[in-house]
Each structure stands twice: as C-alpha cells, then as structure tokens.
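Input: a single structure, listed below in structure tokens.
The values are calculated or read from the model by the stated rules, or taken from the named source; none is laboratory data. This is a predicted model, so every value here is computed, not measured. Ideal geometry is used to build each Cβ from the backbone, glycine not excepted, and the neighbour counts take in all protein chains shown. In case anyone asks, the SASA skips ligands and DNA or RNA and just uses the protein heavy atoms, side chains included. Shrake-Rupley method; radii C 1.70, N 1.55, O 1.52, S 1.80 Å.
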Amino acid sequence: MDQTRWVVVVPVKGTAGAKSRLGAGAGRAGLADAFALDTVAALVAASAVERVFVVTASARLGVLLAALGAVIVPEVPGPDAGQDRLNAAIEQGAEAARFACPDANLAVVTGDLPALHVADVETAFALAATHPLSMVADAEGVGTTTLLAQAGYRFTPRFGLGSRAAHEGDGHVVLDLPPSSSLRRDVDTAADLDTARALGLGPHTSELV
C-alpha cells in the first residue's frame with residue numbers, strides 16, 4: 001500500500017455524558033456531537049485518508065457520521081468504564097479497520113477536534129510516513145490526539161492521563177508539529193473551545209457556538 005495513505009479510526013462517545021468539563025449546559029451534548037462531525041468531515045476530505053471508521057454506541061450520531069462518508073462500527077461496551085472503555089472502543093475500531101483494509105497504515109484520531117484543518121491532517125500524515133510508529137501530542141504536551149502505525153505494525157492505545165508518556169514508552173515518535181496545529185487542539189474545556197474558535201471552527205460547531 002502507498003505509505004502516504006491512511007485508514008483512520010475515530011472513537012465517538014455520543015452520549016449525554018460526553019464532554020462533561022464543558023459545563024452543565026443543555027447544549028453540551030450537542031457540542032460534543034458537532035465536534036465529532038467536524039473532525040470526521042475534515043478527515044474524510046483529506047487526500048491522505050483512504051477510509052474513516054467511527055466507533056460509537058450512538059445509532060443516532062452514527063447515521064449523521066455515515067452521511068459524511070464514515071464507516072460506522074457499533075461499539076460493544078465492556079465492563080470497563082472511563083479511559084479503559086475508550087481504549088477498548090479504539091481496539092474494536094482498529095480490528096474492524098484491519099479486517100477491511102489489512103494492508104493499510106492505521107491511525108487513531110480523537111473525535112474532539114472541531115477546528116481540524118485538512119492541511120494539518122496532510123502534514124501530520126506525511127511526517128508519519130517516515131516512522132513505523134508515531135503520535136501527535138496535544139497542545140499541552142501531555143496527552144495524545146493522534147496515534148499512528150505504518151502497515152505491518154501494531155499498537156496498544158493508551159489514551160487517558162499521561163498518554164503521551166505511555167505512547168512514547170511504546171515506541172511512538174512524537175511528530176514535530178507546532179502547538180498551533182489544529183490536530184493538537186482537542187477541546188475539553190470552554191477555554192479550549194475559545195482557542196479552537198480562533199483557529200476556525202468547522203461548520204457543525206460554528207452553528208452552535
């Protein structure tokens with residue numbers, strides 16, 4: 001397979017409890033949905049991306065994401081909660097992606113990048129083509145927004161607190177992207193959303209902000 005083309009897995013919670021750090025407003029769940037829609041739309045539009053697999057337990061949101069061109073993998077929740085559930089969902093998506101595209105380069109991108117720009121996706125994936133295992137750190141430098149592996153290499157998702165150190169410990173090279181890269185700007189708080197707005201929010205989030 002062309003080393004510059006990727007299959008991407010995006011985990012999406014799609015529940016009322018998503019993005020709890022944004023506050024208790026009634027629009028919080030809608031914002032979380034919009035973040036996912038804008039993230040997936042940018043990935044689908046990137047020429048480096050062959051296919052996008054979204055793992056979600058929300059049939060409602062799955063319909064909307066499928067309309068953007070994503071392949072929906074219904075999440076089968078296990079007994080774990082929190083970050084363990086997130087990583088289990090990512091594993092489900094990765095297995096589905098490997099089954100459908102066994103020779104593909106594989107990436108995991110978090111579904112909370114409402115300002116994601118196609119150009120930033122292309123830049124990161126081009127850099128990742130030079131490393132068997134790589135990653136994109138969040139703007140704070142302690143978390144992970146993207147985990148990547150070239151075809152033939154497997155990885156263990158360790159998203160959650162301290163994920164950058166955990167992924168680096170597994171051999172993932174941190175890609176040299178500036179803090180301003182939209183691929184590093186995940187949104188968990190109102191302050192994060194303000195920063196993403198300055199970069200230029202996608203259409204779904206812009207309608208709500």
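List of remarks:
- Yes/no for residue 146 being under 11 Å from residue 175 (Cα atoms) and open to solvent by 20 Å² or more (accessible area, probe 1.4 Å): no
- Pairs meeting the criteria (first residue in region 50-63 and in contact (Cβ under 8 Å) with a residue 12 or more places away in the chain and open to solvent by less than 10 Å² (accessible area, probe 1.4 Å), second residue polar (S, T, N, Q) and in a strand (DSSP E or B), beta carbons under 8 Å, at least 6 apart or on different chains) are 62/56.
- Hits in region 164-180 - residues which are under 11 Å from residue 136 (Cβ atoms) and surrounded by 15 or more Cβ atoms within 10 Å (Cβ to Cβ): 164, 167, 172, 173, 174, 175, 177
- Filtered by the rule that a residue be within 22 Å of residue 56 (Cα to Cα) and open to solvent by 10 Å² or more (accessible area, probe 1.4 Å), region 110-142 gives 110, 111, 112, 116.
- Hits in region 97-109 - residues which are of a type outside the set (Val, Ile, Thr) and either without any contact (Cβ under 8 Å) to a residue 12 or more places away in the chain or buried (at least 22 other Cβ atoms within 10 Å of the Cβ) (or both): 97, 98, 99, 102, 105, 106, 107
- A search for C-beta distances below 8 Å between a residue of region 132-158 that is on the phi > 0 side of the Ramachandran plot and any residue that is open to solvent by 30 Å² or more (accessible area, probe 1.4 Å) and not in a loop (DSSP other than H, G, I, E, B), counting only pairs 6+ apart in sequence or on different chains, returns 141/164.
- Selection status of residue 196, farther than 22 Å from residue 40 by Cβ, in a helix (DSSP H, G or I) and touching a residue at least 12 places away in the same chain (Cβ under 8 Å): no
- In region 181-198, the residues that are loosely packed, with under 14 Cβ neighbours inside 10 Å and either farther than 30 Å from residue 209 by Cα or among the charged types (D, E, K, R) (or both): 194
- Of all residues making up region 158-173, the number that are outside any loop (DSSP other than H, G, I, E, B) and over 16 Å from the mean Cα position of the chain (by Cα): 5
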